[in-house]
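Below is one structure, written out as structure tokens; comments come after it.
Every read-out reported here was derived from the displayed coordinates using simple, explicitly stated rules and does not represent laboratory data. Remember, it's a predicted structure, so these values are computed and weren't measured experimentally. Cβ: placed from backbone, ideal geometry, glycine included. Neighbour counts: every protein chain shown.
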Ligand SMILES: Nc1ncnc2c1ncn2[C@@H]1O[C@H](COP(=O)(O)OP(=O)(O)OP(=O)(O)O)[C@@H](O)[C@H]1O
Ligand SMILES: Nc1ccn([C@@H]2O[C@H](COP(=O)(O)O)[C@@H](O)[C@H]2O)c(=O)n1
Ligand SMILES: [Mg+2]
């Protein structure tokens, strides 16, 4: 049974009190984060969620910025949230930093909590979750907590050579943008990404986008996906707002 529960974000020791019931997109979060025993049923009044997959440097963040501009989604980058956590000297900061340096995956519980906290603090009802899920464990943890699957999954498919070139040219001072860490990130990606791609392909949710070309050329492949979804997204936002009004 659904019921509103204390927000997971409050489990993060340094987090502020939640924004529960203050935005149009408050969530019905499954009561138990860890329970495997219940079947998770999606709620109609759920935010519209897009997962954005792709290897390091495939252009996820770049395309998300274009989607935000054209379609008004809120961009939630798992990597950015983890880097912010490091910068804020939180309890998890040093573990996250060493994990990112090694190109490995941060435990799902940490990442999912950060994503949820970010979503809950937004007034928007439509989200791009960039760089997530990175593993089956990520995927299961998120779906259990949010109680629903993503509506759409984008996969930016890019050859390794092109990804390496882009990352090495990025120049944003990231600790993982060096050839040693890139090799490890690519190995982790190759090991963990395909089960996720297969899972969402089977569920008819995955859009595989050839990520070679200019930024604008790639966006012209992304645009029709969201144009076709426009009425579905509008209806979802309407249901979310009505749900909140009924709740208040
Ligand atoms: N189509 C493109 N052609 C050439 N360069 C691109 C293209 N798209 C993005 N870039 C550049 O490649 C670099 C990586 O892009 P971006 O940061 O969007 O990738 P990402 O998938 O988010 O990577 P990561 O997973 O490492 O965060 C950036 O410097 C960006 O400007
Ligand atoms: N779901 C995730 C996402 C990211 N990470 C870690 O952060 C690094 C950088 O992520 P980007 O999306 O910005 O490339 C990534 O290599 C992982 O170490 C994670 O653990 N889980
Ligand atoms: Mg990125």
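Below are the figures for this structure:
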| quantity | calculated |
| --- | --- |
| Residue order, fewest to most beta carbons within 10 Å, for 186, 116 | 186, 116 |
| At q = 0.10, 0.23 Å⁻¹, base-10 log of I(q)/I(0) for the range 38-127 (Debye sum, equal scatterers on each alpha carbon) | -0.31, -1.27 |
| Ranking of 214, 62 by count of other Cβ atoms within 10 Å, fewest first | 214, 62 |
| Bridge type composition, the range 49-225 - antiparallel percent by DSSP, nearest 5 | 5 |
| Stokes-Einstein D (µm²/s) once Rh is taken as the Kirkwood radius of the range 165-248 over alpha-carbon pairs, at 37 °C in 0.692 mPa s | 196 |
| Fewest-first sequence of 90, 98 by Cβ atoms within 10 Å of each Cβ | 98, 90 |
| Inter-label distance, nm, simple model (7 Å from Cα along the C-beta direction), residue 91/residue 223 | 4.8 |
| Whether the range 49-225 is rounded, prolate or oblate, judged on the alpha carbon gyration tensor where a/c under 1.5 counts as rounded | rounded |
